[in-house]
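Participant: My questions will all concern the structure given below.
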Amino acid sequence: MFFSFSFSFFLVFLSPLIHYYYPLRAKEEEEETPSSFADETTTQSVRRMAGGGPLVVTSRRMATRTTTMAATMAMVAERGGGRGGGGGGVLGAATKTNSIGSTMMMMMMMMMRRDGMTKGNNKRTYASQAKAVDAIFKRPLPHKTQEIVIKAAQTFGPKRPGVIAVKAGMTCDWDEWGKRHPLTVLWIDDNQIVQVKTEENEGYASVQVGSGYKKPKSVSKPELGHFRKAQVPIKRFLSEFRVTPPTMKMYKEKEDEEGEEGTELEVETVEIKGAREYKVGESLNANHFFAGQYVDVQGITSGKGFAGPMKRWGFSGQPASHGNTKKHRAHGSIGQCQDPGRVFKGKKMAGQMGGRKRTVQNCFVYKIDSERNLVYVRGQVPGRKGSMVKIRDALRKKATVEELEAKIGKIGVTIAPKSSKDPYSAYNKE
């Protein structure tokens, strides 16, 4: 009984709702009455289902399908009253042909949705699927992302390319206060720009930097052709760094007369202060940085092999006596019982230690030797001697554009300025 009443409710009120919510948007040459698509009997059935009003359609094909489907549903409803047990008419037809009527109604709604029976003007700038995905993952639209990138470049300064260095070892030095500083020596071995990527060609701005030297027999033919095209020597290491171009395009949505965002976009060219163009074959040396700034160093940590939980995670181990047998350095329990019946992901256990890519932020550049292309860094640098590391401007402690313009490119040995705070002030109290 409930399904019969539900079907009757949708069957009776479906056509008036369509007439109310979906206005006629067909062109003048396509406007025709329903009688041109069906006979007089069908037209009367359609008007009777629509509450006496005309059936509103949006296209010739939709008018034909909607008229035929509505007429079929009306005839089923009128002829189903004899054995329906529902008092005749629509209610009886619903009792008898519940599944058939539901299927027809579902097909009719699918056709209306596919043919574009929508309320008002549907304004879209991008594809609906991409817009839905961006909404699900809370990602801004492309022109919104570009606006955020431009504001960040104007506020915090442009992105510069990094360099590829070789970890040469460690040393130490004493500053003017007499304080000892442990330093890691990084050698910048013949860095050159191999490729420049632009937003017009690749969709984003970056530069590919090469370092070192390699024999031609050790390089594949595609790589060899890549270096020949750039007219640079064969490099041992290649790495890509994102940069900020000197000019960027900002897209803004035009507003309608009513103040709403429209479908058209305005293009505005914005100049980024401090950004510059990079050319293929350009060299990057140690004076790409200056003494006193902070950098981020990325590399592969030293591999330690298979290590136990005490060495890998710093576990204290189990008791050394009182019944413990061969479990002094074990990690103990790794889970519960039947519930949950498994070991949780990320459980700290024995396994391979080291050999992972890690980035150490805010390493202090203590000294620059531009003649030998050496950078002396104070801080933890991942990797062993001879390993390759990447150096780039610090993300959290960026140098200003004015500092970069005034201090980079100096020739010779430069040391970070003297600290204003006395490191031994705590011991000088009388």
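Rule-based calculations on the coordinates, nothing more; no lab input. Nothing here was measured: the structure is a model prediction, and the numbers come from that model. Note that each Cβ is placed from the backbone with ideal geometry, even for glycine, and that neighbours are counted across all protein chains shown.
Participant: Based on the mean of other Cβ atoms within 10 Å per residue, sort peptides 282-294, 235-247, 303-315 so the most packed one is first.
Facilitator: Details: 282-294: 20.0, 235-247: 17.7, 303-315: 13.4.
Ranked by mean Cβ neighbours within 10 Å, highest first: 282-294, 235-247, 303-315.
Participant: Give me the one-decimal nm value for the distance between modelled label points at N428 and L265, 7 Å along each residue's Cα-to-Cβ direction.
Facilitator: Label at N428, label at L265, 5.9 nm between them.
Participant: Go ahead and run the numbers for FRET between Q338 and R180, Cβ-Cβ distance against an R0 of 56 Å, rounding to 0.05. Don't skip to the end; give the middle numbers.
Facilitator: Numbers: r = 58 Å, r/R0 = 1.04.
The pair Q338/R180 has a calculated efficiency of 0.45.
Participant: Sticking with the crude label model, points 7 Å out along Cα→Cβ, report the distance from I300 to Y213 in nm, one decimal please.
Facilitator: Each label point is offset 7 Å from its Cα along the Cβ direction, giving 2.3 nm.
Participant: Given R₀ = 30 Å, what would the calculated FRET efficiency be for T325 paired with R356, taking r from the Cβ atoms and rounding to 0.05? Don't skip to the answer; put the middle values down first.
Facilitator: Values: r = 34 Å, r/R0 = 1.14.
About 0.30, to the nearest 0.05.
Participant: With 19 Å as the limit, write out which pairs from K304/K385; K279/K357; K398/K421; K159/K407 have Cα-Cα distances beyond it, or answer none. Kindly include the intermediate steps, with their values, before the conclusion.
Facilitator: On the way: K304/K385 15 Å; K279/K357 29 Å; K398/K421 21 Å; K159/K407 17 Å.
Going by Cα-Cα distance, K279/K357; K398/K421 fall outside the 19 Å limit.
Participant: Give me the number: length gained by fully extending M170 to I148, i.e. 0.36 nm times residue separation minus the C-alpha to C-alpha distance, one decimal in nm. Walk me through the numbers on the way to the answer.
Facilitator: Working: separation 22, 0.36 × 22 = 7.92 nm, distance 4.06 nm.
3.9 nm is the gain from fully extending M170 to I148.
Participant: On a full-extension model of 0.36 nm per residue, what is the gain between S420 and R384, subtracting their alpha-carbon distance, rounded to one decimal in nm?
Facilitator: Working: separation 36, 0.36 × 36 = 12.96 nm, distance 3.39 nm.
In short, 9.6 nm is gained.
Participant: Next question, about the same structure. In nm, to one decimal, how far is the M310 label point from the E223 one, both placed 7 Å along Cα→Cβ?
Facilitator: 4.3
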